[in-house]
Amino acid sequence: MNRSEQILDAAEQCMRQKGFHQTSIQNIASQADVSIGLIYKYYTNKEAIIEALVTHVVQRMITMLNADFEQIAHAGGMTHSANDIIPAEVENSIVLLMEVSSEATRNTRIRQIMNDAWQILKNNFITQEQALNPGLDANKIHTRLYIMSLVIDGIIIRRCMKQRAVPASFMSFFDTIANDVNQHSIA
């Protein structure tokens, strides 16, 4: 791992432990076991670290999602728990992006970074979906992605941020929604 990756890894660890606002350059330097000056050699400020971190996390998510796109994107009819809906590694990445997104309400640069990140993820989904279903209308893909994102984000907020389990009774409801969305998207 090179120094830049070491700093990003430390920034990710700090943000997971402390949150966006409580993570300082000093925290990142301590976690990475490097000097603050070395961090500034690679990154001009905290926003530059965030931009590189978000880019890294998005690429990691794309790699994970693309590895098993059909199963993840077409969840439903096979879910027994919330863990079946989205892989834990992807969920952890979404939680981190949500944490950074909280700053986007106050910081226009972070807002742009996050908008770009979500656009990259959306475009990847559309590309993968069109490869599976070449005749599928783009509006149907967008609608499907929107609905499934709302459900998945809600599950993640409930599980990770509110520390509440998703009731088992919800899984059959989720399967119905997912199957309905998938059938209407492909029809």
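Tabulated values for the structure
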| quantity | calculated |
| --- | --- |
| Convex hull per residue volume in Å³, alpha carbons only, for region 1-50 | 60 |
| Calculated FRET efficiency for the pair residue 35/residue 66, C-beta based, R₀ 35 Å, to 0.05 | 0.40 |
| Per-residue SASA entry for residue 176, accessible area with 1.4 Å probe, Å² rounded to 10 | 90 |
| With DNA, RNA and ligands ignored, accessible area of residue 14 (1.4 Å probe; Å², nearest 10) | 0 |
| Largest-first ordering by accessible area, 1.4 Å probe, given options 125, 170 | 170, 125 |
| Residue 161-residue 138 pseudo-label distance in nm [points 7 Å out on the Cα-to-Cβ vector] | 3.1 |
| Debye-sum result for region 106-155 in log10 I(q)/I(0), which assumes one identical scatterer on each alpha carbon, at q = 0.26, 0.30 Å⁻¹ | -0.99, -1.08 |
| Amide N proximity, region 18-47 versus residue 2 label position 7 Å along Cα-to-Cβ, cut-off under 17 Å | 38-44 |
| Given charges at beta-carbon only (K, R positive; D, E negative), |dipole| of region 9-59 in Debye | 100 |
| Under 14 Å, Cβ to Cβ, from residue 161 - net charge with Lys/Arg +1 and Asp/Glu -1 | +2 |
| Electrostatic dipole magnitude of the chain [Cβ: Lys, Arg +1; Asp, Glu -1; Cα centre; debye, to 20] | 600 |
| Charge sum, other residues only, whose C-beta stays under 13 Å from residue 137's C-beta, Lys/Arg counted +1 and Asp/Glu -1 | +1 |
| Rg/Rh (Cα only; Kirkwood hydrodynamic radius) as it applies to the chain | 1.02 |
| Nearest-20 debye value, region 109-169 charge dipole, Cβ charges on Lys, Arg, Asp, Glu | 380 |
| Per-residue SASA entry for residue 151, accessible area with 1.4 Å probe, Å² rounded to 10 | 30 |
| Cα-Cα P(r), region 127-175, percent of pairs per 10 Å interval | 22, 39, 26, 13, 0 |
| Computed [θ] at 222 nm, deg cm²/dmol, the chain (DSSP H ≥ 4; -39,500 (n - 2.57); rounded to nearest 500) | -24500 deg cm²/dmol |
| Accessible-area ranking of 3, 159, largest first, probe 1.4 Å | 3, 159 |
| Share of carbon and sulfur in the accessible heavy-atom surface of the chain [1.4 Å probe, %] | 52 |
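The values are calculated or read from the model by the stated rules, or taken from the named source; none is laboratory data. Quick caveat: nothing in here was measured; it's all calculated off a predicted structure. Note that each Cβ is placed from the backbone with ideal geometry, even for glycine, and that neighbours are counted across all protein chains shown. Calculation scope for accessible area: heavy atoms of the full protein, side chains included, ligands and nucleic acids excluded. Shrake-Rupley method; radii C 1.70, N 1.55, O 1.52, S 1.80 Å.
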